[in-house]
Amino acid sequence: MLRQRLGPVGKALFRGLLRECGVPLSPLVEGVRQDDFAHLERTLLQLAQEYRQAGGQADRGRQRLCRRAVIEAKDHARLASRNPRTSREKQLEKEEMVLWMMTWLENPGVFGSWVALRKSHLREGADSPP
């Protein structure tokens with residue numbers, strides 16, 4: 001109903017408007033947030049939980065929606081990482097985000113453990129982002 005009242009609005013803008021209003025969003029509606037690594041981690045973990053629950057209910061359609069959300073976000077991050085107008089720092093950040101999403105896509109069930117190890121590795125100064 002709200003979407004009908006707003007008229008033709010893109011999914012990303014609509015999600016942003018709902019977030020600004022403080023409306024709690026389900027993981028499939030919120031999608032993958034890439035504004036920073038904390039949001040990226042939180043939304044990927046929520047989608048992993050949604051994916052796991054869908055698998056437990058033999059809901060392949062919902063699992064596909066989870067994967068589609070991550071694939072779409074990964075593609076956007078990859079485009080940003082290759083944009084020559086994007087700063088080198090931002091390109092590196094987006095490359096790291098692509099790695100996180102590729103890992104999620106390979107095995108959503110181990111993503112939580114992997115991201116904890118990855119963040120620890122990055123804090124030790126081996127690479128850069130988070």
Practice task
Working from the alpha-carbon coordinates of region 32-123, get Rg over Rh, Rh being the Kirkwood radius.
Solution key: 1.00
Handout entry: Net charge dipole size for region 32-123 [Lys, Arg +1 and Asp, Glu -1 on Cβ; Debye, nearest 20]
Key = 140
Practice task
Evaluate E = 1/(1 + (r/R0)^6) for SER120 and VAL9, where r is the Cβ-Cβ distance and R0 equals 35 Å; express this FRET efficiency to the nearest 0.05.
Solution key: 0.30
Practice task
Only residues of region 90-110 count here: report those whose backbone N is under 15 Å from the spot 7 Å along Cα→Cβ of ARG82, or say none.
Solution key: 91-92, 94-96, 98-99
Handout entry: Sites matching GluC sites (Glu not before Pro) across region 69-126 that sit in DSSP coil, with at most 11 neighbouring C-beta atoms within 10 Å
Key = GLU124
Practice task
Rounded to the nearest 0.05, what FRET efficiency do GLN57 and ASN107 give with R0 = 30 Å and r taken as the Cβ-Cβ distance? Could you check?
Solution key: 0.95
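Rule-based calculations on the coordinates, nothing more; no lab input. These numbers were taken from a predicted model, which means no experiment stands behind them. No Cβ is skipped: glycine too gets one built from the backbone with ideal geometry, and neighbour counts run over all protein chains shown.
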